[in-house]
Amino acid sequence: MRVRRVSVPVFLLASALLAAAGRSAGPIASAAPSAIGQAAAPGNPLWVTMTPMADDRQMLVIIDPNERTAAVYHVDAATGTMTLKSARSIRWDLLVGEFNAQEPTPSALRKLIEASPPTRP
């Protein structure tokens, strides 16, 4: 995997975005572009991840776990342009028990476990 040197411009853009929202991006500065993500420090509740995409772009995902919201941006490496692709509340998404679930679904597993006799050590 090739690491693109877009992390500094992206960090500056993300810092400006977060500053506009009244938050500090300081703890995120040390985060390298990653598909895993980087949780911010206690004073900054945002979770941020960068993922390389085709045609010299990166996808920036910012999740605010306190507000239960998510935003997705595409960042052009050549220009540093950051384009908002999606933003939404995920509050209701997190309450869905099953969606696009394959067998065995969580409810099928629960029924199986509830129907089974208790095991003894």
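The values are calculated or read from the model by the stated rules, or taken from the named source; none is laboratory data. What you see is a predicted model, and the numbers here were worked out from it, not measured in a lab. Cβ: placed from backbone, ideal geometry, glycine included. Neighbour counts: every protein chain shown.
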Exercise. Filter the stretch 84-116 down to residues that are closer than 30 Å to Arg57 by Cβ and surrounded by 11 or more Cβ atoms within 10 Å (Cβ to Cβ) and give me whichever is modelled with the lowest pLDDT.
Key: Asp93
Quiz item: Out of the residues in the stretch 69-83 that are surrounded by 12 or more Cβ atoms within 10 Å (Cβ to Cβ) and of a type in the set (A, V, I, L, M, F, W, C), which is farthest from Asp55 (Cα to Cα)?
Solution: Ala70
Exercise. Just one of (1) assigned to a loop (DSSP other than H, G, I, E, B); (2) surrounded by 11 or more Cβ atoms within 10 Å (Cβ to Cβ); (3) among the aliphatic types (A, V, I, L, M) trips up Ala54, so point out which.
Key: (2)
